[in-house]
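Chemist: A single structure is presented below for examination.
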Amino acid sequence: MEYAERYELVFPASGTEDDAVVVRRTERTGAGGHPVYEDETGIVRAEITERGEIRMLASGGHQAPGLPVTVRPLGD
């Protein structure tokens, strides 16, 4: 299966512009067997399928991550 190395996740924000976060593929896999991606801080984590389906993963206690409105693969 082909997985992108990086994705841009776009989250709705309360202001006029949405928040965009770039995540990179890690060596880990999620519960569904797909790669886990995370941003450079390690706070934003997601399991992303080859079709761009996403499951956000909590990186700490009491975290309830929201779903992005857009998931875009990025070229390397």
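Chemist: Specify which of the listed residues (VAL71, VAL22) is touching a Phe, Trp or Tyr at 6+ places or on another chain (Cβ under 8 Å), open to solvent by 60 Å² or more (accessible area, probe 1.4 Å) and under 20 Å from TYR3 (Cα atoms).
Modeler: Numbers: VAL71 fails: open to solvent by 60 Å² or more (accessible area, probe 1.4 Å).
The unique qualifying residue is VAL22.
Chemist: Something else about it: Could you list, in sequence order, all residues of segment 36-67 that are open to solvent by less than 50 Å² (accessible area, probe 1.4 Å) and among the β-branched types (Val, Ile, Thr)?
Modeler: VAL36, VAL44, ILE48, THR49, ILE54
Chemist: Select from segment 19-71 the residues that are of a type in the set (Lys, Arg) and over 10 Å from the mean Cα position of the chain (by Cα) and list them in ascending order. Write out each step before concluding.
Modeler: Let us first name the residues in segment 19-71 that are of a type in the set (Lys, Arg), namely 24-25, 28, 45, 51, 55.
Across segment 19-71, the qualifying residues are ARG28, ARG51.
Chemist: Run ALA31 past the list (1) surrounded by 12 or more Cβ atoms within 10 Å (Cβ to Cβ); (2) farther than 12 Å from ARG72 by Cα and report the number of the one that doesn't hold.
Modeler: Of the numbered conditions (1) surrounded by 12 or more Cβ atoms within 10 Å (Cβ to Cβ); (2) farther than 12 Å from ARG72 by Cα, the odd one out for ALA31 is (1).
Chemist: Show the residue pairs meeting these rules: Cβ distance below 7 Å; 6+ apart or different chains; first residue within segment 15-26 and free of Cβ contacts under 8 Å to residues at least 12 places away in the same chain; second residue part of a strand (DSSP E or B).
Modeler: ASP19/PHE11
The values are calculated or read from the model by the stated rules, or taken from the named source; none is laboratory data. Predicted model only: the values in this text are computed from it and were never measured. Note that we place each Cβ from the backbone using ideal geometry, even for glycine, and neighbour counts take in every protein chain shown. All accessible areas refer to the heavy atoms of the entire protein, side chains included, with ligands and DNA or RNA removed. Shrake-Rupley method; radii C 1.70, N 1.55, O 1.52, S 1.80 Å.
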